[in-house]
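Asker: I'd like to ask you about the structure that follows.
Where a number appears in this text, it was derived from the coordinates with a stated rule and is not lab data. Small disclaimer: the values here were computed from a predicted structure and weren't measured. Every residue, glycine among them, receives a Cβ derived from its backbone with ideal geometry; neighbour counts consider all protein chains shown.
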Amino acid sequence: MTMQYLDFDSSEDAHGHGSFEAMASVPAARLAALQAEIALVLDWAYANFPGQRAPLEEGGEWDYLLEAQQDWSVPQDLAYDETQCRFSSRPGEPGPARHTLTLALSGSPQFCKAFRLKFEF
């Protein structure tokens, strides 16, 4: 399964426990599509490892952390005055909001193998 927004980085410890992390930043018009992709991953995990979500150190098979942030950028007109040897700036109009979502999953060797197979990673 190919993801449109999520591009996972992974790591694994000596015991085969792994983590998968992805971050995506989208405009408001694409937020629902990004959330749907995250829901697809979480729905798969809940369906294939039911009742097994808990921190690995507490005996869980998998766990996740989901974070979100909303940002606005304000462009600046920046100029350098060579006679006074200093910068001057003037803020422009704020741009539209961007939504950044980060999904981090951790799992047992079995979870990691199944995740890689399902999401072709």
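Asker: Using θ = phi - 60° and the Karplus curve 6.51 cos²θ - 1.76 cosθ + 1.60, what whole-Hz ³J(HN,Hα) does each residue of segment 65-70 get, with Gly and Pro shown as x?
Answerer: Working through the residues one at a time gives 10, 10, 10, 9, 8, 10 Hz.
Asker: For the pair residue 33 and residue 73, what calculated FRET efficiency results from E = 1/(1 + (r/R0)^6), where r is the Cβ-Cβ distance and R0 = 30 Å, to the nearest 0.05?
Answerer: 0.90
Asker: Figure the gain on full extension for residue 89 and residue 4 (residue separation times 0.36 nm, minus the Cα-Cα span) and round it to one decimal in nm. Before the final figure, lay out the partial values.
Answerer: On the way: separation 85, 0.36 × 85 = 30.60 nm, distance 3.74 nm.
Difference between extended and current length: 26.9 nm.
Asker: Mean separation of Cα pairs under 8 Å and 6+ residues apart, divided by the residue count of the chain: what relative contact order is that in percent?
Answerer: Numbers: 197 pairs, mean separation 41.2, N = 121.
Over the chain, the number comes to 34 percent.
Asker: Taking 8 Å as the Cα distance limit and 6 or more residues as the minimum spacing, I'd like the relative contact order of segment 62-114 as a percentage.
Answerer: Worked out over segment 62-114, it gives 49 percent.
Asker: Can you list the equivalent-ellipsoid semi-axes of the chain, largest first and in whole Å, using the square root of 5 times each Cα gyration tensor eigenvalue? Before the final figure, lay out the partial values.
Answerer: Working: eigenvalues 333, 57, 28 Å².
In descending order the semi-axes read 41, 17, 12 Å.
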